[in-house]
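Every number here is computed from the coordinates shown, using simple stated rules; none is lab data. Owing to the predicted nature of the structure, the values given are computational and were not obtained by experimental measurement. Backbone-built Cβ (ideal geometry, glycine too); neighbour counts: all protein chains shown.
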Amino acid sequence: MPVTSEIDVSETERPPEAATDALPINELFESLQGEGTLTGVPSVFIRTSGCNLRCWFCDSYHTSWEPTHAWLSIDEIIDQVTDFDATHVVLTGGEPLIHEQSIELIQQLSARGYHITVETNGTIVPPAETPIDLASVSPKLASSTPTAERPPAGGDAALGSWADKHEADRIDSNALATLFDRYNTQLKFVVTGESDVPEITELVSTLQRQTETPIESTDVLLMPEGQTRAALSETRRTVAELALEHGYRYTPRIHVDLWNDAPET
């Protein structure tokens, strides 16, 4: 099983004495990278709380729709990271790049020799000098937008104004193109079914016209939507066949296969 730092997330408000470099941390643990081109690599995951989007199928509901966290200083986070053996660090969320302090954390971890992956929805561009080894960019498709027919885990009451905001903000092609030109980037799409493919194809074509860096089909990863083994069993074969048909790359979600929907995996 993955190894946890056992962060106490019972207090979500920033304490008055908190350092100015504190980050809201929901989880900090060591596990195997479950998705993308580095699937299977032992990694330390730092999960920040808070997100600027609201996918109805969010697999970290506790960081977006109902965020919980503890405030940890960058020094505290680094101390906990160094307790683990892995040399790969994944900064994830929520959306970690909404926090200015994430940039300082990335810089300090990189200076210590860690390989840094940032999991991002691709709507925020960090400063150009930010040392990111892999930008794992997951643009949010129209099928991610919460609606009364696709309510979030918390039900219709959680929707509020998020449906319109999410739909308006979920894609920023300029930000996506900048990320692709600036970093080693994988485009990882959460796919709910065949109806998602035209939007993926159109967005990839748009980005190919905007980027100076060539975007190859192997840079585009299709990942089945599903937070449990049962849910994945309904989508994985369809998504794999879509990847074959359209020349994209398929990525599994091995953490779900191994540990189902257990936290900190």
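Counting only DSSP beta bridges with both residues in region 3-187, the antiparallel share comes to about 45 percent. Were the residues from residue 262 through residue 245 laid out at 0.36 nm apart, the gain over their Cα-Cα distance would be 2.9 nm.
Could you tell me how far the Cα centroid of region 204-265 sits from the Cα centroid of region 48-94, in Å? Cα centroid of region 48-94 versus Cα centroid of region 204-265: 22 Å apart. Looking at region 202-265, the GluC sites (Glu not before Pro) that sit in a DSSP loop and have at most 14 other Cβ atoms within 10 Å of their own Cβ are 212, 216. Evaluated over the Cα positions of the chain, the convex hull gives a direction-averaged projected area, one quarter of its surface, of 13.6 nm².
Estimated purely from DSSP H runs of n ≥ 4, each contributing -39500 (n - 2.57), the mean residue ellipticity at 222 nm for the chain is -8500 deg cm²/dmol once divided by its residues. Across region 144-150, coupling constants 3J(HN,Hα) worked out from phi with the 6.51/-1.76/1.60 Karplus curve, θ = phi - 60°, read 8, 5, x, 9, 4, 7, 10 Hz, and Gly and Pro carry x. Cβ crowding within 10 Å, taken as a proxy for footprinting-reagent exposure, orders 165, 140 from fewest neighbours to most as 165, 140. Among residues other than residue 232 with Cβ under 13 Å from its Cβ, the summed charge is -2 (Lys and Arg +1, Asp and Glu -1). Using the Cβ of residue 87 as centre and a radius below 12 Å, the other residues enclosed give a net charge of -2, where K and R count +1 and D and E count -1. For region 126-183, GluC sites (Glu not before Pro) meeting the loop criterion (DSSP other than H, G, I, E, B) and having at most 11 other Cβ atoms within 10 Å: 129, 149. Counting every other Cβ atom within 10 Å of each residue's Cβ, 182, 170, 112 order from fewest to most as 112, 182, 170.
Could you please report the charge total around residue 178, scoring K, R as +1 and D, E as -1 over all other residues with beta-carbon less than 13 angstrom from its beta-carbon? Around residue 178, the surrounding residues sum to -2.
Between residue 147 and residue 202, residue separation times 0.36 nm minus the direct Cα-Cα distance comes to 17.5 nm.
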